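The values are calculated or read from the model by the stated rules, or taken from the named source; none is laboratory data. Bear in mind that the values here come from a model prediction, so they are computed numbers and not experimental data. Virtual Cβ from ideal backbone geometry, glycine too; neighbours counted across all protein chains shown. Side chains are part of the model used for accessible areas, which takes the heavy atoms of the whole protein and leaves out ligands, DNA and RNA. Shrake-Rupley method; radii C 1.70, N 1.55, O 1.52, S 1.80 Å.
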Amino acid sequence: MTHSNSSSGPRSRGTDPRVSATEASSGGRTPESLALPGSPDRGSPDRPASEPAPSGSASSGTRGGSALGGAIAAEGAALDPSEAPQPSAPAPFRVVLDAAGVQRAATRLAHEILERNGGLDSVAVVAIAAGGIPVARLILDKLEQITGQRLPLGELDVTLYRDDVVGRGKRPVPHRTRMLPTVAAMRVVLIDDVMFTGRTVRAAMDAVIDFGRPEGIQVACLVDRGHRELPIHVDFVGKNIPTQRAEQVSVVEISPNTFEVRVA
Amino acid sequence: MKQLLDTETPSREELERILDTTEAMLEISQRDIKKVPTLRGRTVINMFLEPSTRTRVSFEIAAKRLSADAINVTASGSSLSKAETLSDMARNLSAMQADVLVVRDRNAGVPAMLARHLSIPVINAGDGNHEHPTQALLDAFTIRQAFGNIEGRVVSIIGDVAHSRVARSNIHALTKLGAEVRIAGPPTMIPVGVEQFGVKPCTSIDEALDGAHVVMMLRIQMERLEGALFPSVREYASTWGLSRERLRLARPDAVVLHPGPVNRGVEIQSEVADAEPSRILDQVTNGVATRMAVLYLLTGDSQ
């Protein structure tokens, strides 16, 4: 799916404006969506760089939305609602990963990160603001349970590196970046909530390298919804969720520190 | 927001959006590599037709930290102060595909006039006695940085309010952002009817300082004052200058602001300007971030 989507990227542009519009509003649209434990200063920045560029990164606008606002727009078409207990009952969304599933995914991601890097000695965990922050905290919790070691968390806002923000259009308000003291010679694990077009990760790689030359960069996400537009590879995936492009995927905090993934 | 000609026009939300963005921009200046690619390929023209070091350098650094190309134009040796010449110049700049024009001029209204001739965003970097909006925004940001918010904070602006574009921009911005603004200065330097701007005029510096969170001292602009608006510099310093003893009237956690350049020993004593409550150098640091925020927001919104 990813492959077919990436190749269809340019062609799908026709639908993009609509997509971006919806997705752009996702943060604000789902009021219950993620209050962003990680974003101290503001609740709902004006959405993304979506209106923009005819060159099309509508979909990345989506990611912009998640990065900035919290709710993730992804999609999860055809997903089985059965998988979720749906605590909040009837609503225009489906839960594609319930709270227990999110916990399991985080645990697995933690183990995979440990295994790949042979421990945490040279690992630097960096969340992509704002959506990646709660997911990263969850993974750090799991890593701490396993190893007894609590890693610091860097918070990286990539707005100023995005190809769709570099264009023209209503500017999103960036979050403040709180980077780790050093990433040079570290294995940087970038964490985001939902993997979509890959544009956020591209921007994040540029941003990380501005802070120093890491030994390597790896990417972890809670959900991979497909539709890559760039040749970006994800190292650690919590759950693959096939989606349609126009759908929106949100990681929602349903109670303190408890998250579920919804598709609308 | 397509222009930044003053702080009177923008809404509170628009001002707060700039302050929020400034927060993120501030962090960039603390990095080893102080540059992000956001405005790569854009051209910012800094047209400073009146002498300026701090503001011109601040805008230039701001543009470069966003990867824009900054071109500086000064008035030296040319006669650019005539309106007709200016509108011609505006058309020429437009024809050179500049993306943003930053203007300082000794005449009020020049940035607004140029904005009418141009389709690109124009930023007022100070026009005569009218406004200096980015200064007010950086002052507001510095206050927010010191206290966490602006709403309800008591800000006393002291000095030559009538001739100060900094004061005018601050009065509009800070009252809009919810601060309680007091002004004080020699009667010759306080505009008649200033109450209508929602500020409280005080008859002495002591009254203005009483319980203030923020003390904003204005520069006595020796170069602008042709007539004698006060008897002597010494008299001004003793009646309206800020000393350490006077500052005790303000709150214990009060901060002191000054737009610079400082006339030491006139409006402010060195013992205050260089001491802990002074945020004068923070203002300069914040000025770069504020101007980055304005350049970033206007280049997107204007299209």
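How large, in percent, is the carbon and sulfur part of the accessible surface of segment B:133-280 at a probe radius of 1.4 Å? Don't skip to the end; give the middle numbers.
Values: 2940 of 5860 Å².
Carbon and sulfur: 50 percent of the exposed surface of segment B:133-280.
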> Which whole-Hz couplings ³J(HN,Hα) result when phi for each residue of segment B:52-63 is put into the Karplus expression 6.51 cos²θ - 1.76 cosθ + 1.60, θ = phi - 60°, listed in order with x for Gly and Pro?
Replying inline: 6, 10, 4, 5, 5, 5, 4, 5, 5, 5, 4, 4
> Based on DSSP, what percent of beta bridges with both residues in segment A:181-264 are antiparallel, to the nearest 5?
Replying inline: 35
> In degrees, nearest 10, range 0 to 90: what is the angle between the Cα axis of helix B:280-301 and the longest Cα principal axis of chain B?
Replying inline: 40
>> Can you give me the accessible area per residue for segment B:133-280, using a 1.4 Å probe, in Å²?
In response: 40
> What whole number of Å gives the distance from the Cα centroid of segment B:1-72 to the Cα centroid of segment A:209-264?
Replying inline: 33
>> At a probe of 1.4 Å, how much accessible area disappears from chains B and A on forming the pair, both sides counted, to the nearest 100 Å²?
In response: 2100
>> Could you tell me which residue out of B:Ala273, B:Ile171, B:Pro252 lies farthest along the dipole of segment B:133-280 toward its positive end? Charges go on the beta carbon: Lys and Arg +1, Asp and Glu -1, centred on the Cα centre.
In response: B:Ile171
> Each residue of segment A:196-205 in turn: what ³J(HN,Hα) in whole Hz from Karplus with 6.51, -1.76, 1.60 and θ = phi - 60°, glycine and Pro shown as x?
Replying inline: 9, 7, x, 5, 5, 5, 4, 4, 5, 5
> What residues of segment B:4-43 lose no less than 30 Å² of accessible area with every protein chain in place versus their chain by itself (probe 1.4 Å, heavy atoms only)?
Replying inline: B:Arg17, B:Asp20, B:Glu23, B:Ala24, B:Glu27, B:Arg31, B:Ile33, B:Pro37, B:Thr38, B:Arg42
>> How far apart, in nanometres, would the label points at B:Asp282 and B:Ser119 be if each is projected 7 angstrom from Cα along the Cα-to-Cβ direction?
In response: 4.3
> Which FRET efficiency value, to the nearest 0.05, is calculated for B:Val57 and B:Ile33 with the Förster distance at 25 angstrom and r the Cβ-Cβ distance?
Replying inline: 0.80
> Between segment B:223-290 and segment A:148-192, what is the C-alpha centre distance in whole Å?
Replying inline: 39
>> Could you check the spin-label model distance between B:Thr188 and A:Gln149? Points 7 Å from the Cα along Cα→Cβ, value in nm.
In response: 7.2
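Normalising by the residue count of segment B:133-280, find the relative contact order in percent from Cα pairs under 8 Å and 6+ residues apart. Walk me through the numbers before you get to the answer.
Numbers: 269 pairs, mean separation 34.9, N = 148.
It rounds to 24 percent for segment B:133-280.
Express as a percent, rounded to the nearest 5, the fraction of DSSP beta bridges in chain B (both residues included) that run antiparallel. The partial results should precede the final answer.
Details: 1 of 35 bridges.
In chain B, approximately 5 percent of DSSP beta bridges are antiparallel ones.
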>> Quick query: amide H of A:Gln218 versus all other amide H atoms, modeled in the peptide plane; which residues come in under 5 Å with a sequence gap of 5 or more or a different chain?
In response: A:Val188, A:Val189, A:Leu190
